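The values are calculated or read from the model by the stated rules, or taken from the named source; none is laboratory data. The structure displayed is predicted, hence computed values, not measured ones. Glycine also receives a Cβ, built like all others from the backbone with ideal geometry; neighbour counts cover every protein chain displayed. For accessibility, only protein heavy atoms count, side chains too; no ligands or nucleic acids. Shrake-Rupley method; radii C 1.70, N 1.55, O 1.52, S 1.80 Å.
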Amino acid sequence: MYHPLLDTLLAVADCGSFTSAAARLYVSPTAIMKQINSLEQHLNLTLVERTPSGIRLTKAGEILCQDAKFLMEYSARTLSNARASMELKDPTFRVGTSLLNPARPFMDLWYQANRDFPQYKLHLVPFDDNHESILKVIQQLGTTFDFLIGVCDSKAWLSRCCFLPIGRYRKMVSVSREHPLAGKTLLEPEDLYGETLMMVKEGDSPVNDFVRSSLKKHHPAIHITDTPQFYDLSVFNRCVETGHVLLSLECWQEVHPGLVTIPVNWNYNIPYGLLYSQNASSDVLRFVEAVKKLVL
């Protein structure tokens, strides 16, 4: 959630001094200094520098201030969604949605299957794509969410939920818009020779492990480097910053504006579909059966 001490940091950044920020927030300058010190200790970052001419943000402070307003809005929206979920009176399916796992494919299914659920409404619940906390999101199936929809080949994910495949996405590659390959519309594996290919580390995904093994055997001139076990936006940022090539998917072509995603002349793909709780309610299971009739 949004940390309330960020309000103090924003006030200091806007005012340029502890005294002016204190006047704005109706507290003493000493209280402002203590709050900034507390925030720095909490984050283990130096956020401001004291200079003879006043207060100046460090680089870390500037970045934090830039994102603080987004954090405020995201936190407020999350609380609003949480409160709204408590007020829902009609039967509702709660569908998780995020940048990498958007609810759009679920909506396509819903408009085909909802005639069997006339009393039900949908409630979209946003969540954050974070490689460190995504397993906690999966474990919230049955409580916070009734359904998630997305790519699923992870042993860690599948040990925590049920999965109904509804299709497959092609494996593609993403590169920075400034990369020499960015202007191509189709790549051959040989175009990647000498490049560093980013992909999830070995051991969790049978599909990705097969891709890695195949590339090492048939295209050893492609250098492979590991990403975290699950992608999040930081992985796409790293691709832009390093100039490496990222093993991506056709459904992620619009995730990062600094990248272009290009098909490759190979036959690698991965399943996507519905994720739901191992202890799902009868109506959730009934919806799963309705989807099975549509896709099988």
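Once the Cα-Cα distance is subtracted from the 0.36 nm per residue extended length, the residue 162 to residue 75 segment shows a gain of 28.4 nm.
For the pair residue 63 and residue 269, a Förster radius of 30 Å applied to the C-beta separation gives a FRET efficiency near 0.20, rounded to the nearest 0.05.
Across the range 18-31, rounded Karplus estimates of 3J(HN,Hα) from the backbone phi angles (6.51 cos²θ - 1.76 cosθ + 1.60, θ = phi - 60°) give 5, 5, 5, 5, 4, 5, 5, 8, 6, 9, 7, x, 4, 5 Hz, Gly and Pro being marked x.
Compared with the dominant Cα axis of the chain, that is its longest principal axis, helix 282-295 is turned about 50°.
Calculated from the structure, Cα extents along the principal axes in Å equals which of (1) 57, 48, 36; (2) 55, 47, 33; (3) 67, 57, 31? Here the calculated entry is (3).
Packing-based ranking of 210-222, 138-150 yields 138-150, 210-222, ordered from highest to lowest mean Cβ neighbour count within 10 Å.
Measure off, as a whole percent, the carbon and sulfur share of the 1.4 Å-probe accessible area of the chain, all protein chains present. It would help to have the intermediate numbers written out before the result.
On the way: 8110 of 15890 Å².
Exposed carbon and sulfur together represent 51 percent of the surface.
What is the extension gain from residue 169 to residue 293, computed as 0.36 nm multiplied by their sequence separation minus the C-alpha to C-alpha distance, in nm to one decimal?
Details: separation 124, 0.36 × 124 = 44.64 nm, distance 2.05 nm.
Taking residue 169 through residue 293 to full extension adds about 42.6 nm, to one decimal.
Residues whose amide H falls under 5 Å from that of residue 171, counting only those 5 or more places apart or on a different chain, are 268, 269, 270, with hydrogens built in the peptide plane.
Taking the C-alpha atoms only, the angle from helix 206-218 to the longest principal axis of the chain is near 80 degrees. Measuring against 24 Å, Cα to Cα, the residue pairs 155/184; 171/216; 171/201; 121/171; 34/136; 136/216 contain 155/184; 121/171; 34/136; 136/216 as the ones spanning a longer distance.
Note that the chain presents 54 Å² accessible area per residue, ligands and nucleic acids not counted, probe 1.4 Å.
Determine the percent antiparallel among the DSSP beta bridges restricted to the chain, to the nearest 5.
Working: 25 of 41 bridges.
Once the DSSP bridges in the chain are tallied, antiparallel ones form about 60 percent.
Rounded to the nearest Hz, the phi-derived 3J(HN,Hα) couplings of the range 97-104 under the Karplus curve 6.51 cos²θ - 1.76 cosθ + 1.60 (θ = phi - 60°) are 8, 8, 4, 8, 10, x, 7, 3, where x marks glycine and proline. Summing charges over neighbours of residue 182, with a neighbour being any other residue whose Cβ is under 14 Å away from its Cβ, gives -1 when K and R count +1 and D and E count -1.
Full extension of the segment from residue 286 to residue 130, taken as 0.36 nm per residue of separation minus the current Cα-Cα distance, would add 53.1 nm.
Taking the highest mean first, how do the peptides 247-258, 115-126, 26-37 order by number of other beta carbon atoms within 10 angstrom per residue?
Working: 247-258: 17.7, 115-126: 13.2, 26-37: 15.5.
Ranking the peptides 247-258, 115-126, 26-37 by packing returns 247-258, 26-37, 115-126.
Put a dot 7 Å past the Cα of residue 117, heading toward its Cβ, do the same for residue 56, and the two dots end up 5.7 nm apart. Against the main long axis of the alpha-carbon atoms of the chain, helix 59-87 sits at an angle near 60°.
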